[in-house]
Amino acid sequence: MSTLALIRLCDVMSKTGVKRAWIYKLMKKNEFPQAVKLGSRSVAWVESEIDEWISSKINQRDGAQ
């Protein structure tokens, strides 16, 4: 059984190097993992999905070379 961890926006930005506005723009275009609604005004992301997104970007870079 795998452990799922949720991370908040500040951690997502730190891990990806992507700013808030760009994250939400990518989410709208379904090019970034979707947030999980935790409450009326709070969201988080599944950490493993963010890690997979980062890996896919690295793979795209390596495949393009």
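The values are calculated or read from the model by the stated rules, or taken from the named source; none is laboratory data. What you see is a predicted model, and the numbers here were worked out from it, not measured in a lab. Glycine gets a Cβ as well: all are built from the backbone with ideal geometry, and neighbour counts include every protein chain shown.
Kindly indicate whether any position in the stretch 7-20 is touching a residue at least 12 places away in the same chain (Cβ under 8 Å), surrounded by 14 or more Cβ atoms within 10 Å (Cβ to Cβ) and in a strand (DSSP E or B).
Yes: one or more hits.
Identify, from the list S2, S55, the residue that is surrounded by fewer than 11 Cβ atoms within 10 Å (Cβ to Cβ), modelled with pLDDT of 95 or more and polar (S, T, N, Q).
When all the criteria are applied, what remains is S55.
If we keep just the residues of the stretch 30-64 that are under 14 Å from the mean Cα position of the chain (by Cα) and in a loop (DSSP other than H, G, I, E, B), which is nearest to G17 (Cα to Cα)?
Among those that are under 14 Å from the mean Cα position of the chain (by Cα) and in a loop (DSSP other than H, G, I, E, B), it is F32.
May I ask you to list pairs of residues, at least six apart or on different chains, whose Cβ atoms are under 9 Å apart, with the first in the stretch 40-52 being surrounded by 14 or more Cβ atoms within 10 Å (Cβ to Cβ) and the second being in a helix (DSSP H, G or I) and of a type in the set (S, T, N, Q)?
Once the first residue is surrounded by 14 or more Cβ atoms within 10 Å (Cβ to Cβ) and sits in the stretch 40-52, its partners that are in a helix (DSSP H, G or I) and of a type in the set (S, T, N, Q) give I50/T16.
In the stretch 21-37, which residues are surrounded by fewer than 13 Cβ atoms within 10 Å (Cβ to Cβ) and either basic (K, R) or on the phi > 0 side of the Ramachandran plot (or both)?
The answer is K28, K29, N30, K37.
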